[in-house]
Ligand SMILES: NC(=O)c1ccc[n+]([C@@H]2O[C@H](COP(=O)([O-])OP(=O)(O)OC[C@H]3O[C@@H](n4cnc5c(N)ncnc54)[C@H](OP(=O)(O)O)[C@@H]3O)[C@@H](O)[C@H]2O)c1
């Protein structure tokens, strides 16, 4: 791909606004959209000319890569609502299938051995490419560890279609991180919350590619 893919971030809460901010810091253009139009306009104003606010439908239509930075159940709704506009796109799912428990923590809201990636990819448009990415760190680390020196922190990703690897890896690099492929969507569980490679799982921290290689 000679020209960079057009990226749209849908949902501008904690994760979506950080993803958009990191991309702009990496000198990458980004379309921003939210169900609250003022949120998209406000963030674009703050980020400057590389960020363009759009409605959700126009953002999806104009993008090659659509980051669905909303909660698990809202991703399901967006996949159904925009099924025709999402045809042929690269869909990025950063979600963790969790909800607050009654002890001040979080609990998984789907079967223990299943990932959000598997559940959501099964309902994504069949000719779109589904990628699990951008959700392996806390919002604080996604903001604080971007463009880390001397060596970038890793963002893991999973997809069944490696023909999109170049585009996804460039998005991750332009966000200030080092990409690391973990395998197909059946490996999503490793990079979701409580998983082996998640900051809130067995890994328990951010990691560089050198530290990851040393662990292997
Ligand atoms: N926060 C973290 O540390 C973290 C870390 C890793 C992964 N994640 C994952 O990232 C995703 C986003 O989390 P977050 O913390 O950024 O959530 P958040 O702060 O609650 O932001 C969600 C955003 O999505 C918007 N939204 C909700 N439903 C929508 C819909 N149907 N259409 C369009 N926009 C919609 C919300 O708008 P309103 O304000 O109008 O509700 C809000 O702006 C989740 O799947 C989460 O599991 C979060």
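Scan region 149-176 residue by residue and report those that are free of Cβ contacts under 8 Å to residues at least 40 places away in the same chain and either out of contact with any strand residue (DSSP E or B) (no Cβ under 7 Å at 6 or more places or on another chain) or within 21 Å of residue 15 (Cα to Cα) (or both).
In the first step, residues of region 149-176 are kept if they are free of Cβ contacts under 8 Å to residues at least 40 places away in the same chain; the result is 149-150, 155, 157, 159-163, 165, 169, 172.
The answer is 149, 150, 155, 157, 159, 160, 162, 163, 169, 172.
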**Prompt:** When both residues are 6+ apart or on different chains and their Cβ atoms are under 9 Å apart, which pairs have a first residue that lies in region 80-108 and is on the phi > 0 side of the Ramachandran plot, and a second that is part of a loop (DSSP other than H, G, I, E, B)?
**Reply:** 88/64; 88/125; 88/127; 88/128
**Request:** Check residue 51 against each of (1) closer than 25 Å to residue 125 by Cβ; (2) touching a helix residue (DSSP H, G or I) at 6+ places or on another chain (Cβ under 8 Å) and name the one condition it does not meet.
**Result:** (1)
**Message:** Can you list residue pairs whose Cβ atoms sit under 7 Å apart, with the first residue in region 33-59 being over 25 Å from residue 84 (Cα atoms) and in contact (Cβ under 8 Å) with a residue 40 or more places away in the chain and the second being assigned to a loop (DSSP other than H, G, I, E, B) and within 10 Å of the ligand (Cβ to nearest atom)? Count only pairs 6 or more apart in sequence or on different chains.
**Reply:** none
**Residues that are in a helix (DSSP H, G or I) and either out of contact with any strand residue (DSSP E or B) (no Cβ under 9 Å at 6 or more places or on another chain) or more than 12 Å from the ligand (Cβ to nearest atom) (or both), drawn from region 119-148** = 119, 121, 122, 123, 139, 140, 143, 144
**Asked** Of the residues in region 165-177, how many are buried (at least 19 other Cβ atoms within 10 Å of the Cβ) and not in a loop (DSSP other than H, G, I, E, B)?
**Response** 4
**Fill in**
Among strands (runs of 3 or more DSSP E) completely within region 1-118, the ones holding 2 or more residues that are within 14 Å of the ligand (Cβ to nearest atom), touching a strand residue (DSSP E or B) at 6+ places or on another chain (Cβ under 9 Å) and modelled with pLDDT of 95 or more are 7-10, 30-33, 65-68, 90-93
**Request:** Taking the options 123, 66, name whichever one is at negative phi, surrounded by 20 or more Cβ atoms within 10 Å (Cβ to Cβ) and in contact with a helix residue (DSSP H, G or I) (Cβ under 7 Å, 6 or more places away or on another chain).
**Result:** 66
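The values are calculated or read from the model by the stated rules, or taken from the named source; none is laboratory data. Bear in mind that the values here come from a model prediction, so they are computed numbers and not experimental data. Reconstructed Cβ throughout: ideal geometry from the backbone, glycine too, with neighbour counts over all protein chains shown.
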